[in-house]
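Note sheet for the following structure.
The values are calculated or read from the model by the stated rules, or taken from the named source; none is laboratory data. Here the structure is a predicted model, which means the values were calculated and not measured. Cβ placement follows ideal geometry from the backbone for every residue including glycine, while neighbour counts extend to all protein chains displayed.
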Amino acid sequence: MESISVAKATTKSFFSKVLSGTLLIAGTAIGAGMLGIPLLTAQAGLYPALLITGLVWVFMLATGWLIVEATLWMPPGANILTITGRLLGARGRLLAGALFLFLYYCLMTAYVAGGAPIFSALLTGATGLALPGMSAHLLFALVFGLIVFRGVRSIDRVNLFLMLGMALSYLFLVGFGVQGVNREHFVFFDLPAAFTAAPVLFSAFGYHNVIPSLCTYLERDRKALRLSIVFGTSIALIVYAVWQWLVIGSVPLEAIAAAKAAGQPATAVLQTIHAHPWLGRSASAFGFFALVTSLLGVALSMVDFIADGLRKYHVRRFVPTLLTFAPPLLIAVIDPTLFDRALGISGGFGEAFLNGLLPVLLVWAGRYKLKLASEAGLAGGKPILWLLAAIAIGVFLLEAVVLVKEF
């Protein structure tokens, strides 16, 4: 989830609204979750991997439309706490706030655990200096914690550079890596194993947190909002599909399993398989850009969220920044192999509730309890809401089963 700077709404053409919304949605969805996807989907084979990716895309598209519906019931500027407070009451607001912290602490832990090794490798390659032990994690958290501490303007400037770097490195990565794709790797097929990847895919397709701001930015244009979600998530779907095709087609399943067990991102295992020096550099650069763009957006959200909760204590920005980075740093230092596991937990528990079950509950309360007019909603009535709720609960339970087996 990337850092998003939403400007004050101005009069925009319909095409301009859809283009702006599409880019914001795509930029929010494409991020560090991409580094963990092939590690899990490869265990099922390419075609089951593409199937589960497409199913999760449909689900997250539908729940995004539900968030649009709930947001448009609120006055301009309303955020998730306001929305849940008005539709679900004080308990719903409290639960949403608790899940927000849980989700983003899991994501921050994944980013520090996965980002520090890449950061260390890039620094070693550029300067020849090797960072021993936990010093890589400390320096990584310090550098990007300082950027977040300086505020949204600093984040936006850094994020623009990082997004450009991510796009270019992705093109180089696919261009160099396509030569090593082996079609024999696509023969493997294990459909049941594909569903274990659903929690990470939930995290990878997460964009819902930007919808309230996007509603204001697009002047509450229902059609533009819905098309932006369709086009933006479709871009993410294409990027993820090509990425899985490349990794699964290039890397033996045994090497992918070893990388998963070691807590390495997909770019690391791709780099070890191919001898082309530029592919290795592109893989490292892409992994770094994708992860850090996600980290900056999540960290900014957490700092603002914590600062709002501590408002009555008049704390300086340093305190919420420290509370955002210190716990994930400590956990990542204790267990540096948490990258894909933390992504799975955040997707299976946090995303399944906040971006799966919660949108259903909000729209159910608005439509059928408060009798609010449904003008931008998802078709299908109660049956489709029941189906979406069942899927979200299923992913929640699936992640619980996976965790029990691991521990």
| Considering region 106-144 alone, what residues qualify as being of a type in the set (Ser, Thr, Tyr), surrounded by fewer than 16 Cβ atoms within 10 Å (Cβ to Cβ) and in contact with a Leu (Cβ under 8 Å, 6 or more places away or on another chain)? | Thr124
| message | Can you report the number of residues in region 204-226 which are over 26 Å from Phe286 (Cβ atoms) and either of a type in the set (S, T, N, Q) or surrounded by fewer than 18 Cβ atoms within 10 Å (Cβ to Cβ) (or both)? | response | 6
| field | Selection from region 145-166 of residues that are surrounded by 15 or more Cβ atoms within 10 Å (Cβ to Cβ) and within 17 Å of Phe286 (Cα to Cα) | value | Val158, Asn159, Leu162, Met163, Gly165, Met166
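Each row is one residue, and each column tells you yes or no for (1) hydroxyl-bearing (Ser, Thr, Tyr); (2) closer than 22 Å to Leu23 by Cα.
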| position | (1), (2) |
| --- | --- |
| Gly89 | no, no |
| Met108 | no, no |
| Ala113 | no, no |
| Ala116 | no, no |
| Ser120 | yes, no |
| Ala141 | no, no |
| Gly151 | no, no |
| Ser154 | yes, yes |
| Val174 | no, yes |
| note | Restricting region 131-149 to residues that are in a helix (DSSP H, G or I) and in contact (Cβ under 8 Å) with a residue 60 or more places away in the chain, the one farthest from Ala113 (Cα to Cα) turns out to be Phe149
| When the residues of region 138-190 are filtered to those that are polar (S, T, N, Q) and under 23 Å from the mean Cα position of the chain (by Cα), which remaining residue is farthest from Leu50 (Cα to Cα)? | Ser154
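Considering region 56-78 alone, what residues qualify as being touching a residue at least 12 places away in the same chain (Cβ under 8 Å) and either more than 21 Å from Val210 (Cβ to Cβ) or under 19 Å from the mean Cα position of the chain (by Cα) (or both)?
Across region 56-78, the qualifying residues are Val56, Trp57, Phe59, Met60, Leu61, Ala62, Thr63, Gly64, Trp65, Leu66, Ile67, Val68.
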| Can you tell which of Ala241, Ala283, Ala261 is at pLDDT 80 or above and either of a type in the set (S, T, N, Q) or within 23 Å of the chain's Cα centre (by Cα) (or both)? | Ala241
| Assuming Ser135 fulfils every condition listed in (1) at pLDDT 85 or above; (2) among the hydroxyl-bearing types (Ser, Thr, Tyr); (3) under 22 Å from Lys260 (Cβ atoms) apart from one, which condition is it? | (3)
| request: Return the total of residues in region 300-332 being assigned to a loop (DSSP other than H, G, I, E, B), over 23 Å from Leu138 (Cα atoms) and not aliphatic (A, V, I, L, M). | output: 1
| request: Please find, within region 365-379, the residue that is modelled with the lowest pLDDT out of those that are within 16 Å of Leu225 (Cβ to Cβ) and surrounded by 11 or more Cβ atoms within 10 Å (Cβ to Cβ). | output: Ala376
| said: On the basis of being of a type in the set (Gly, Ala, Ser), modelled with pLDDT of 85 or more and under 30 Å from Val68 (Cβ atoms), does Ala197 make the cut? | reply: no
| Residue pairs meeting the criteria (Cβ under 8 Å; at least 6 apart or on separate chains; first more than 20 Å from Leu94 (Cα to Cα), in region 344-373; second at pLDDT 85 or above and part of a loop (DSSP other than H, G, I, E, B)) | Leu372/Trp73
| field | Extreme residue, modelled with the lowest pLDDT, among residues of region 25-50 that are under 13 Å from the mean Cα position of the chain (by Cα) and of a type in the set (A, V, I, L, M, F, W, C) | value | Ala32
